[in-house]
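Structure record follows, encoded as structure tokens.
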Amino acid sequence: MYLQVKNVSKSYNNIDVLRNISIDLKTNQIISIIGSSGIGKTTLFNIISGIEYPDSGNVFLDGEDITGLTGKVGYMFQKDLLLYNKSILDNVILPLRIKGYSKSEAKKIAIPYFKQFGLNGCENKYPKEVSGGMVQRTALLRTYLFSKSILLLDEPFSNLDSISKLSMYEWYLDVSRKNIISSIIITHDIEEAIFLSDVIYIISGRPGQIMKRIDLPLTSKTEQFMLTNDLVEIKREILSIIKNDNICMGLN
Ligand SMILES: Nc1ncnc2c1ncn2[C@@H]1O[C@H](COP(=O)(O)OP(=O)(O)O)[C@@H](O)[C@H]1O
Ligand SMILES: [Mg+2]
């Protein structure tokens, strides 16, 4: 699967939010998008997922124009909340139910993934009874079952502490490899982007534009890389680009 975002621009109420954004996502790649709050990252995901239409530019999937079409990619919203009155299993099968599968069919499809997603034995538990990491993995499995090939994840790991984060990254890399998932991940966490991704795109400026694309070495997906000067150099470069965006910007 090959996702291309080509020259996408978007404004709201005559205010330009995004200008001329182009992104390429190849099979099994992980791309991170880094940018300050309010720069237009979620807007970009809304456009890629088809729930918003760009003013200009297009989104292609394997060469087919899917601009404005929903249901083509999986999308995990920022602050993705589970339904707290439903069990983990019922939360996971929600997208399959929406697609028209009966409850028993949906369960049959979902259950085999529980082990891989670290949710074995949690099927009948409620979100409040499991850890933050499990809530996150439940939301990820739910997104994965909606669209098994391309996932858009808006700050998927931001609620976790730093120790849980590292094991989640390793787990996510493994699950992505095994299931041939391609993902675009929005994050504020520069080290997370370096550890998880093949490519980082930095969005900056007003309107938000891609200021830099960083292709990471294969070695960046290791704990050792986190302690090298190469990592510090990449961090410095990213910070120098985004630091001016923090002025006069609302938090969200
Ligand atoms: N539906 C909308 N109507 C008007 N303005 C919007 C809408 N969605 C987003 N915006 C504005 O677009 C800008 C980018 O928002 P957003 O994409 O949520 O940023 P980010 O996810 O990078 O924090 C913000 O200034 C926000 O207020
Ligand atoms: Mg956002």
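Within the stretch 179-229, report the GluC sites (Glu not before Pro) that DSSP leaves as loop and that have at most 16 other Cβ atoms within 10 Å.
The qualifying sites are GLU223.
For the stretch 25-167, a/c is not less than 1.5, where a ≥ b ≥ c are the root eigenvalues of the C-alpha gyration tensor, and a/b does not top b/c. That puts it in the oblate class. Comparing ILE98, ILE202, ILE180 in a Gaussian network model of the chain, where Cα atoms under 10 Å apart are tied by springs, the biggest mean-square fluctuation is seen for ILE98.
Would you please classify the overall shape of the stretch 86-125 from the alpha carbon gyration tensor, given that a ≥ b ≥ c denote the square roots of the eigenvalues, rounded means a/c under 1.5, and beyond that prolate means a/b larger than b/c while oblate covers the rest? The shape class here is prolate. Taken about its Cα centre, the stretch 36-106 carries a charge dipole of about 380 debye when Lys and Arg each add +1 at the Cβ and Asp and Glu each add -1 at the Cβ.
For the stretch 72-137, what's the relative contact order in percent, using C-alpha pairs closer than 8 Å and at least 6 residues apart? Could the numbers behind the result be given before it?
Values: 43 pairs, mean separation 27.1, N = 66.
That works out to 41 percent.
The phi torsions of the stretch 137-144, fed into the Karplus equation with coefficients 6.51, -1.76 and 1.60 and a -60° offset, translate into couplings of 5, 4, 4, 5, 5, 4, 5, 4 Hz, rounded to whole numbers, with Gly and Pro shown as x. Extending 7 Å from Cα along the Cβ direction at GLN224 and again at ARG206 yields two label points whose distance is 4.6 nm. Once backbone amide H atoms are built at 1.01 Å from N, GLY50 has GLY68 as its partners under 5 Å, excluding neighbours fewer than 5 places away on the same chain.
Using the Cβ of SER197 as centre and a radius below 10 Å, the other residues enclosed give a net charge of -2, where K and R count +1 and D and E count -1.
For n ≥ 4 DSSP H runs only, could you compute -39500 (n - 2.57) per run for the chain, divide by its residues and tell me the 222 nm figure to the nearest 500? It would help to have the intermediate numbers written out before the result.
Values: 8 runs with 80 residues, N = 252.
Theoretical 222 nm ellipticity from helices: -9500 deg cm²/dmol.
Sort the stretch 123-163 into rounded, prolate or oblate with this rule: let a ≥ b ≥ c be the square roots of the eigenvalues of the Cα gyration tensor; rounded if a/c is under 1.5, and if a/c is not under 1.5, prolate when a/b is larger than b/c, oblate otherwise. It is oblate, given that a/c is not under 1.5 and a/b is not larger than b/c. Pairs exceeding 30 Å between alpha-carbon atoms, taken from LYS10/LYS115; LYS6/LYS148; LYS128/LYS165; LYS108/LYS221; LYS10/LYS221: LYS10/LYS115; LYS108/LYS221; LYS10/LYS221.
The DSSP beta bridges internal to the chain are antiparallel in roughly 55% of cases. Counting only protein heavy atoms and using a 1.4 Å probe, the accessible area of ARG236 comes to about 140 Å². Listed values for the stretch 163-175 are Karplus-derived 3J(HN,Hα) couplings in whole Hz (6.51 cos²θ - 1.76 cosθ + 1.60, θ = phi - 60°), namely 6, 4, 4, 4, 6, 5, 4, 4, 5, 5, 4, 5, 4, and x replaces Gly and Pro. Within the listed set LEU141, LEU61, LEU196, the Gaussian network model of the chain (springs between alpha-carbon atoms below 10 Å) gives the highest mean-square fluctuation for LEU61.
The slack between LYS86 and SER131, meaning 0.36 nm per residue of separation minus the straight C-alpha distance, is 14.6 nm.
With +1 on the Cβ of every Lys and Arg and -1 on the Cβ of every Asp and Glu, and nothing else charged, how large is the dipole of the chain about its Cα centre, in debye rounded to the nearest 20?
Details: 29 positive and 27 negative charges, 145 e Å.
About 700 debye.
Average accessible surface for the chain: 48 Å² per residue, computed with a 1.4 Å probe over protein heavy atoms with every protein chain in place. Using the average count of surrounding beta-carbon atoms within 10 Å as a protection proxy, the listed peptides 209-219, 26-36 rank, highest first, as 26-36, 209-219. Extent along the principal axes, Cα only, for the chain: 50, 42, 34 Å, with the longest axis given first. Run the accessible area of the stretch 85-146 with a 1.4 Å probe and give the carbon-and-sulfur part as a rounded percent. For the stretch 85-146, the apolar C and S fraction of the accessible surface comes to 51 percent.
Of the beta bridges in the stretch 126-252, as assigned by DSSP with both residues counted there, near 55 percent are antiparallel.
The values are calculated or read from the model by the stated rules, or taken from the named source; none is laboratory data. Predicted, not measured: the structure shown is a model, and the values here were computed from it. Note that we place each Cβ from the backbone using ideal geometry, even for glycine, and neighbour counts take in every protein chain shown. For accessibility, only protein heavy atoms count, side chains too; no ligands or nucleic acids. Shrake-Rupley method; radii C 1.70, N 1.55, O 1.52, S 1.80 Å.
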